[in-house]
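Here's a structure for you.
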């Protein structure tokens, strides 16, 4: 068994992943039981989202790495402009060595409103290109003198001259520019939740095409579907929060992009935003809305907008997960549910899993298939 760069783990379903601490957890310690349960049931990777409360990504990454033995780990996502480049590079190498190569640094473009509040510049594609190239230079042991780019001016950037490390970079992508950037520069791309089948196919094609145009093997870039998995075995109020509440929060934050990407009717978004409850809502709907408020909001969101998800019985959920691979995705993040909630779905999926199809996938969510890694 390999022990570097995201070891192969016989028996693990490395095409499946979950998000730890989904939603608004009471304590970050909840991830301990979640990660242990995920490993036990064979889920291949743990993704970590970042919120600046009790979900700071570097701390959570270290915790997951320390309590796990084989599961892959990726941030999805952190923003490069919230830390000094040397700090982020050192965070990634620390995780890389701590986990024996199971870690992928996952980046995202972030939200401009949050950056405005923090006094940070908005992230542009050229910033991401500069940053990924800079990280790879530092992970390769370079000392970078007088670096000046869109990232800023840095007199000296250095980790360890002995480093010759490959740390996969994952990118959470949405719009056309982000998808193309992921294909050109990154090792894996995470798509957004509630993408229609047509949108998913189009986005996978955009990533792979960009990789090919850049002279890369399109098969070397893993595309992850972020797929809401909310089975009927979950209590109805919780399902409402994780479907209607989550979609409503996306529409609050970047509804125009969501509607444009899925080619939905913008008039529906306009009615949603003008609803008195939504217009005056004092925060993220999925975090603080009551069941009664969510029932009201549900009437504002068309059923077809919520349909791209795994819902129904465990067997129906498992079939929906398998369909994501038919659309061209290389992996599926079972989004919005804890491992305890996912257990019946994962058990059902495992019954008809095509083990040979995924036999060469490493644990690292951004890692190369073993045949390519050996080439």
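Each value in this text was obtained by applying a stated rule to the coordinates, not by laboratory testing. Bear in mind the structure is a predicted one, so any value in this text is a computation, not a measurement. Here Cβ is always computed from backbone atoms with ideal geometry, including for glycine, and neighbour counts include all displayed protein chains.
How many angstrom separate the Cα center of the stretch 124-149 from the Cα center of the stretch 274-334?
38 Å
Now, a different point. What's the ranking of 82-89, 159-166 by average number of surrounding C-beta atoms within 10 Å, highest first? Walk me through the numbers before you get to the answer.
Working: 82-89: 17.4, 159-166: 14.5.
Answer by packing, highest mean first, reads 82-89, 159-166.
Could you list, bin by bin from short to long, the percent of Cα-Cα pairs of the stretch 73-151 in 5 Å steps?
Pair shares across the bins are 3, 14, 25, 26, 17, 11, 5, 0.
Once a ≥ b ≥ c are taken as the square roots of the eigenvalues of the Cα gyration tensor of the stretch 1-137, is the result rounded (a/c under 1.5), prolate (a/b larger than b/c) or oblate (a/b not larger than b/c)?
Note, shape of the stretch 1-137 comes out oblate.
Rounded to whole Å and sorted largest first, what semi-axes of the equivalent ellipsoid does the C-alpha gyration tensor of the stretch 105-159 yield via the square root of 5 times each eigenvalue? Don't skip to the end; give the middle numbers.
On the way: eigenvalues 109, 34, 17 Å².
They are 23, 13, 9 Å, listed from largest to smallest.
Divide the volume of the convex hull of the Cα atoms of the stretch 235-308 by its number of residues and quote the answer in cubic angstrom per residue.
Values: hull volume 5.9 nm³, N = 74.
Normalising the Cα hull of the stretch 235-308 by residue number yields 80 Å³.
Fewest to most neighbouring Cβ within 10 Å: what's the order for 132, 64?
Values: 132 20, 64 27.
Neighbour counts put them in this order, fewest first: 132, 64.
Could you work out the relative contact order of the chain? I mean the mean sequence separation of Cα pairs under 8 Å and 6+ apart, divided by the number of residues, in percent.
Contact order relative to length: 22 percent.
Cα gyration tensor of the stretch 20-79, axes a ≥ b ≥ c as square roots of the eigenvalues: rounded (a/c below 1.5), prolate (a/b > b/c) or oblate? Don't jump to the answer; show the numbers that get you there.
Values: a/c = 1.84, a/b = 1.46, b/c = 1.27.
Note, shape of the stretch 20-79 comes out prolate.
Which residue, 151, 257, 342, has the most motion in a Gaussian network model of the chain that connects Cα atoms within less than 10 Å?
The residue that fluctuates most here is 257.
Where both partners of a DSSP beta bridge lie in the chain, what percent of those bridges are antiparallel, to the nearest 5? Don't skip to the end; give the middle numbers.
Working: 6 of 38 bridges.
Around 15 percent of the beta bridges assigned by DSSP in the chain are antiparallel ones.
For the chain, with a Gaussian network of springs between Cα atoms less than 10 Å apart, report the residue from 111, 13, 311 with the top mean-square fluctuation.
111
Follow-up question, since we're still on this one. So for each of 289-299, 174-184 I average, over its residues, the number of other beta carbons within 10 Å; can you give me the resulting order with the highest mean first?
Working: 289-299: 15.2, 174-184: 20.4.
Sorting 289-299, 174-184 by mean packing, highest first, produces 174-184, 289-299.
For the stretch 195-338, what Kirkwood radius comes out of the mean inverse Cα-Cα distance, in Å? Walk me through the intermediate numbers first.
Numbers: mean 1/r = 0.0610 Å⁻¹.
So the Kirkwood estimate lands at 16.4 Å.
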